[in-house]
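Some notes on the structure that comes next.
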Amino acid sequence: AFNGTWKVERNENYDKFMEQMGINVMKRKLAEHDNLKVIIEQTGDKFHIKESSTFRNKDIDFTLGVQFDYALADGTEVSGAWEMDGDVLKGKFTRKDNSKVLTTTRALVGGELVQSYNYDGVDAKRIFKKA
Ligand code: MYR
């Protein structure tokens, strides 16, 4: 159901979230308008994701329930895993530099892909439309 090409359409509280992550204002301004596109291909428990933005192009492979390493666009390294809870993807990742936890979910809501983020008490959302 998550399969497809998704383009970010709007953000909610993303600037505050990035600020909490420690990202400086210049990078935050750029990141608000990063034109993020994710192509999701799910086969059973396995996901292949092609991420592209004004920052970079990146391919990510993971299996539900299996830990993997991931670097955010600003270089911050995290390690964690995605799991499926009903129709919702739930991710829990730990920053390697300070051991703080970032949680994220992906859910389909009214034909849109809603990705939520929480870090250190701050919530944000990015909402994607199918391309
Ligand atoms: C993926 O499924 O797309 C790859 C794994 C995602 C790991 C965690 C995502 C957190 C992204 C936070 C970005 C915010 C930058 C301040």
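Just to be sure I understand, how many residues within region 78-128 are of a type in the set (Lys, Arg), more than 13 Å from the chain's Cα centre (by Cα) and under 19 Å from residue 13 (Cβ atoms)? Spell out how you get there, then give the answer.
Kept after step one, since they are of a type in the set (Lys, Arg), are these residues of region 78-128: 90, 92, 95-96, 100, 106, 125-126.
From the residues that got through so far, the ones that are more than 13 Å from the chain's Cα centre (by Cα) too are 95-96, 100.
So of that shortlist, the ones also under 19 Å from residue 13 (Cβ atoms) come out as 100.
Looking only at that region, the number is 1.
Spot the failing condition for residue 70; the list is (1) over 12 Å from the mean Cα position of the chain (by Cα); (2) open to solvent by less than 60 Å² (accessible area, probe 1.4 Å); (3) hydroxyl-bearing (Ser, Thr, Tyr); (4) more than 19 Å from residue 127 (Cα to Cα), and only one is missed.
(1)
Determine which member of the set 40, 60 is surrounded by 16 or more Cβ atoms within 10 Å (Cβ to Cβ) and out of contact with any helix residue (DSSP H, G or I) (no Cβ under 8 Å at 6 or more places or on another chain). Break it down stepwise before answering.
Numbers: 60 fails: surrounded by 16 or more Cβ atoms within 10 Å (Cβ to Cβ).
Selected residue: 40, the only one of 40, 60 that is surrounded by 16 or more Cβ atoms within 10 Å (Cβ to Cβ) and out of contact with any helix residue (DSSP H, G or I) (no Cβ under 8 Å at 6 or more places or on another chain).
Give 72, 89 a once-over and let me know the one that is touching a residue at least 60 places away in the same chain (Cβ under 8 Å) and within 12 Å of the ligand (Cβ to nearest atom). Working first, answer last.
Details: 72 fails: touching a residue at least 60 places away in the same chain (Cβ under 8 Å).
Sole residue among the options that is touching a residue at least 60 places away in the same chain (Cβ under 8 Å) and within 12 Å of the ligand (Cβ to nearest atom): 89.
Checking residue 100 against (1) within 19 Å of residue 126 (Cα to Cα); (2) open to solvent by 70 Å² or more (accessible area, probe 1.4 Å), only one condition comes out false. Which one?
(1)
Can you confirm whether residue 22 is open to solvent by 60 Å² or more (accessible area, probe 1.4 Å) and modelled with pLDDT of 95 or more? Step through it out loud before you land on a result.
Details: open to solvent by 60 Å² or more (accessible area, probe 1.4 Å): yes; modelled with pLDDT of 95 or more: yes.
Spelling it out, residue 22 is indeed open to solvent by 60 Å² or more (accessible area, probe 1.4 Å) and modelled with pLDDT of 95 or more.
The values are calculated or read from the model by the stated rules, or taken from the named source; none is laboratory data. The shown structure was predicted, so the numbers you read here are calculated from the model rather than taken from an experiment. Because the Cβ atoms are built from the backbone with ideal geometry, glycine has one as well, and the counts that use them run over all protein chains shown. These area figures cover heavy atoms from the full protein model, side chains too; ligands, DNA and RNA do not enter into them. Shrake-Rupley method; radii C 1.70, N 1.55, O 1.52, S 1.80 Å.
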